[in-house]
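Enquirer: I have a structure I would like to understand better, so I am pasting it below and will then ask my questions one at a time.
The values are calculated or read from the model by the stated rules, or taken from the named source; none is laboratory data. What you see is a predicted model, and the numbers here were worked out from it, not measured in a lab. Cβ placement follows ideal geometry from the backbone for every residue including glycine, while neighbour counts extend to all protein chains displayed. Just so you know, the surface numbers come from the protein's heavy atoms only, side chains and all, with ligands and any DNA or RNA stripped out. Shrake-Rupley method; radii C 1.70, N 1.55, O 1.52, S 1.80 Å.
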Amino acid sequence: MVAPDESRRAEIAEVLHTLPAVVPILPLRGTVVYPYAVVPLSVGQERSKHLIDDAMRGDRLLGVVPQLRPEIEGAGPEDVYRLGTVCRILQLLRKPDGTLTVALEGLERMRVAEWTGSEPYVQAHITLAPDEEELTPEVEALKRSVLARFRQVVDLSGTIPEEAAALVAGVEDPRQVLYLVAGNLRLDVARHQAFYGLPSLIEKLRWLDDALAHEVEVLEVSRRIAAETKEHLTRAQREYILREQLRTIQRELGEESPEAAEVAELRHRLDQADPPPEARQEAERELARLAQIPAASPERGIIRTYLEWLVSLPWRRFSGGSIDVVAARRVLDEDHYDLEKIKDRIVEYLAVRKFKQERAAAPPGQEAAAPQDERELHREPILCFVGPPGVGKTSLGQSIARAMGRKFLRISLGGMRDEAEIRGHRRTYIGALPGRIIQGMRRVGVSDPVFMLDEVDKLAVSFQGDPAAALLEVLDPAQNASFTDHYLGVPFDLSSVLFVCTANTMDTIPAPLLDRMEVLRLAGYTEEEKRHIARRYLLPRQLHAHGLRPEELSLDDAAVRTTIRGYTREAGVRTLERQIATICRKAVRELAEGATPPVPVTAERVAHYLGRPQYQSEVAERTERPGVAIGLAWTPFGGDVLFVEATMMSGREERLILTGMLGEVMRESALAALSYVRSNAALLGVDPAIFEDKVVHIHVPAGAVPKDGPSAGVTIATALASLVTGRPARSDVGMTGEITLRGVVLPVGGIKEKVLAAHRAGLRTVALPRRNEPDLEDIPAEVRAALQVVLVDTVDAVLATALGEPRAVPAPATVTGPPGAVAALPPLRVQRSSAS
């Protein structure tokens, strides 16, 4: 670029004086031409070459405007900016490949007033748009600032030639300085246009001064980063040379370098760990690499971390001795009250393991153990404890470990959504680590712990993989002998680990995972069982936790029962333990304030320590009017009572309204119940016309809690029968069961949990499907003694029990077809969720 002298400026003014009204327009890709600048361009498009040829045959004048998007071929009026520059062709060179090289001189700023054509090239009416010039002291100051900053940019960048800085420094005209400096800045077209579109010279100078200041700051930071990088590389090279010299000196003196000592230490620990051949081979390979890598290399730390994991894992380190079945039963009885079936199954489980261990180690002359592959086919399954919270699932795993003399390890799977949490991350990732299984094995330090996988039903799935799928290998005895973590990259034997899983419900456990486990159900506790647990376990634990001696607090049985009834409503005992802890804290406070031990806690004084009762029986209050019946429901947290309300009003729009956040299956049960009651209205002693022009509304309270399942059928039918007959249902009767349109009561699940819920709620009678009679064996004896269980085949039998008034009941409906034709259906399930 060259700066024009005053004669050239006068010449430009004369040329612009003869400028025609319509000029050809040449679109430019990613290029801006300013006044006083001479810019070489390469022209290859046919229409652009045609434009240049026509201009050369005429006055050599044309307008140039930048394109909005440089990738457009054959840009038209809608593809270019309207602000550009009038230019004159100074020189034209035709190349052998057909392209043209032209030198354009920028004359003046112009603006397109109107497009006049686009063929054979774009043409337009233009108006000149010279800058508003006013020579003021501020303009002169801005010019000097621009020159100074431009000098800094030239010095820092190294890309702008020194000649450009010298050329600009010799120019006095502020406008010429402005455009010469702007043409040397690396700005995108949009920023160039924003600058070029400013109307006055002083505004352009301000904008350019700010842009130069920013460019100087960026260049200074870039130079500082480059200097620091160079310094770091220089220092690293110097350290490398010095370390090599140090190694040579140590080798000559017969001394061992720190790096060699580190490798020797890792090799010694590897010999002690005694890994299997495949793991040892991988460790030896990494040790050889470690010995060759300089101490300053980042790769050395990665390899050392990997080797640390390999040598610290318990490859062949066992803790459990022989299994004593009698001692195991004693430990289970010490740690847990009741749960007889669960304890028996655990003892059987341990007895089988003991028997197989003894057979495998049989002395000569006795029957030898089965071959390895045959034993693999007969391995015992993984135990999975399923039950509501607080019933002792986790503590059962601890008791198993204590009974077997093994270490106990627990990890929680709740909310885990990344498959790498189980299998680990590959070493290609920065900060990679093994998965939770290998981390746990390293932490416990033995190859045969009792490993509890807690909350296995709460695994999640995300785009990062399915942790449940990764657990399939871990929990498969036929595969986990060669479990391969992504980080380790070598098999690790998990076959000696006793895995125990816990869950609140089986519904969310994937079927392939559930198939690998033997499910042991733990239902809720009765009031008497909770009293025994509080006496034998909870109270002594809380006395110790609060620093109390047994003789300093007197908590009688009546107080424990009052606490259970008025301050807890759960299947387990966690809330009960928290309430006992509250009593202990307040007793400690009284003793600290000078009370005389023992602090008496009776049934009458429970409210003094715990406040007013949180739970009161509302069964009688809710069922005092017709149209309300009490059902029994199964939930993942134990059983619960469920109220069903029915009412009837005039209307024709809808025949049945269902509210209470009911699922599709429960809605169908309500329709079946209504159809049964309407079709048997005469047998119920009511006029069938009572349903004409009426709308029936069925509501299940706790509307924010989702509910579904077929087992509320008999409860809905009872509520409707109570409504139409005007007879209130008995407040001490609960019921469950699915119904058909013929009035047959079908079996359902969750009987134990439902009966325990009825007992907790103070009900005296429970109506159950007759085909659920075998399930009564699981009910504790004290509950069976406290409740009257009525086994029913038909809805009529349920109504006779619930409504309580004698009436002529038709013969019970029978189920036709072969035995077992009516299959048991899932229980009514109420998913507990928080409600605002």
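Enquirer: For the range 303-339, give me each residue that is surrounded by fewer than 20 Cβ atoms within 10 Å (Cβ to Cβ), of a type in the set (G, A, S) and under 22 Å from S447 (Cβ atoms).
Expert: Within the range 303-339, S312, S319, G320, G321, S322 qualify.
Enquirer: Between residues in the range 123-135 that are closer than 12 Å to V22 by Cα and residues that are open to solvent by 90 Å² or more (accessible area, probe 1.4 Å) and not hydrophobic (A, V, I, L, M, F, W, C), which pairs lie under 7 Å by C-beta distance while being six or more apart or on different chains?
Expert: Taking only residues 6 or more apart or on different chains, the pairs are A124/E114; H125/E114; I126/R111; T127/R111.
Enquirer: All but one of (1) touching a residue at least 40 places away in the same chain (Cβ under 8 Å); (2) open to solvent by less than 50 Å² (accessible area, probe 1.4 Å); (3) closer than 20 Å to A800 by Cα hold for V686; state the number of the condition that does not hold.
Expert: V686 satisfies all of (1) touching a residue at least 40 places away in the same chain (Cβ under 8 Å); (2) open to solvent by less than 50 Å² (accessible area, probe 1.4 Å); (3) closer than 20 Å to A800 by Cα except (1).
Enquirer: Have a look at E570, E577 and point out the one that is at negative phi, in a loop (DSSP other than H, G, I, E, B), of a type in the set (D, E) and under 39 Å from the mean Cα position of the chain (by Cα).
Expert: Checking each option against the conditions leaves just E570.
Enquirer: Taking the range 124-160, which residues are more than 60 Å from the chain's Cα centre (by Cα), assigned to a loop (DSSP other than H, G, I, E, B) and over 22 Å from G84 (Cα atoms)?
Expert: E134, L135, T136
Enquirer: Just checking, does the range 581-594 include any residue being under 22 Å from G762 (Cβ atoms), open to solvent by less than 20 Å² (accessible area, probe 1.4 Å) and not in a loop (DSSP other than H, G, I, E, B)?
Expert: No.
Enquirer: Could you please find all residues in the range 21-42 being surrounded by fewer than 19 Cβ atoms within 10 Å (Cβ to Cβ) and not in a loop (DSSP other than H, G, I, E, B)?
Expert: Listed by number, the residues that qualify are V22, V38, P40, S42.
Enquirer: Separate question: Which of the helices (runs of 4 or more DSSP H) found entirely inside the range 251-351 contain at least 1 residues meeting this: in contact with a Gly (Cβ under 8 Å, 6 or more places away or on another chain)?
Expert: So the answer is 277-292.
Enquirer: Shifting gears a bit: Given the conditions (1) aliphatic (A, V, I, L, M); (2) open to solvent by 70 Å² or more (accessible area, probe 1.4 Å); (3) within 27 Å of P199 (Cα to Cα), report the number of the one that L104 does not fulfil.
Expert: Here L104 meets the rest and fails (2).
Enquirer: Now for a separate question. List the residue pairs whose Cβ atoms are under 9 Å apart, where the first residue sits in the range 697-723 and is at positive phi, the second is assigned to a helix (DSSP H, G or I), and the two are 6 or more positions apart or on different chains.
Expert: Close Cβ pairs (under 9 Å, with a partner that is assigned to a helix (DSSP H, G or I)) amount to G709/V665; G709/M666; G709/S669.
Enquirer: Please enumerate the residues belonging to the range 161-179 that are within 30 Å of I225 (Cβ to Cβ), within 60 Å of the chain's Cα centre (by Cα) and assigned to a helix (DSSP H, G or I).
Expert: Listed by number, the residues that qualify are E162, A164, A165.
Let's see how each residue does on (1) in contact with a Leu (Cβ under 8 Å, 6 or more places away or on another chain); (2) among the charged types (D, E, K, R):
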{"site": "E11", "(1), (2)": "no, yes"}
{"site": "P35", "(1), (2)": "yes, no"}
{"site": "M56", "(1), (2)": "yes, no"}
{"site": "L62", "(1), (2)": "yes, no"}
{"site": "L68", "(1), (2)": "no, no"}
{"site": "I72", "(1), (2)": "no, no"}
{"site": "P77", "(1), (2)": "no, no"}
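Enquirer: Something else now. Which of the residues spanning the range 398-415 are farther than 30 Å from S322 by Cβ and surrounded by fewer than 22 Cβ atoms within 10 Å (Cβ to Cβ)?
Expert: Answer for the range 398-415, where residues must be farther than 30 Å from S322 by Cβ and surrounded by fewer than 22 Cβ atoms within 10 Å (Cβ to Cβ): S412, G414, G415.
Enquirer: Picking from L142, L92, L100, L156, which residue would you name as being out of contact with any Cys (no Cβ under 7 Å at 6 or more places or on another chain), within 18 Å of Q176 (Cα to Cα) and touching a residue at least 24 places away in the same chain (Cβ under 8 Å)?
Expert: Checking each option against the conditions leaves just L142.
Enquirer: Follow-up question, since we're still on this one. With V766, V789, V798 as the choices, which residue is open to solvent by 10 Å² or more (accessible area, probe 1.4 Å), modelled with pLDDT of 90 or more and closer than 30 Å to A681 by Cα?
Expert: The unique qualifying residue is V789.
Enquirer: Looking at the range 75-97, which of the residues that are open to solvent by less than 30 Å² (accessible area, probe 1.4 Å) and not β-branched (V, I, T) is nearest to L61 (Cα to Cα)?
Expert: C87
Enquirer: Enumerate the pairs (first residue in the range 48-64 and within 18 Å of T101 (Cβ to Cβ) and without any contact (Cβ under 8 Å) to a residue 12 or more places away in the chain; second residue anywhere and open to solvent by 10 Å² or more (accessible area, probe 1.4 Å) and not in a helix (DSSP H, G or I)) with beta-carbon separation below 9 Å, excluding pairs fewer than 6 apart on the same chain, so at least 6 apart or on different chains.
Expert: D53/L92
Enquirer: Hey, can you tell me all the residues within the range 420-446 that are of a type outside the set (A, V, I, L, M), in a loop (DSSP other than H, G, I, E, B) and open to solvent by less than 50 Å² (accessible area, probe 1.4 Å)?
Expert: Result: G424, P434, G435, G445.
Enquirer: Within the range 615-654, count every residue that is modelled with pLDDT under 85 and either in contact with a helix residue (DSSP H, G or I) (Cβ under 8 Å, 6 or more places away or on another chain) or open to solvent by less than 30 Å² (accessible area, probe 1.4 Å) (or both).
Expert: Adding up the residues that qualify gives 11.
Enquirer: I'd like the full set of residues that are farther than 19 Å from G397 by Cα, open to solvent by 20 Å² or more (accessible area, probe 1.4 Å) and of a type in the set (A, V, I, L, M, F, W, C), limited to the range 464-511.
Expert: A469, L472, A478, A481, A511
Enquirer: Then there is this: Identify the residue in the range 641-673 that is outside any helix (DSSP H, G or I) and basic (K, R) and, among all such residues, is farthest from A758 (Cα to Cα).
Expert: R652
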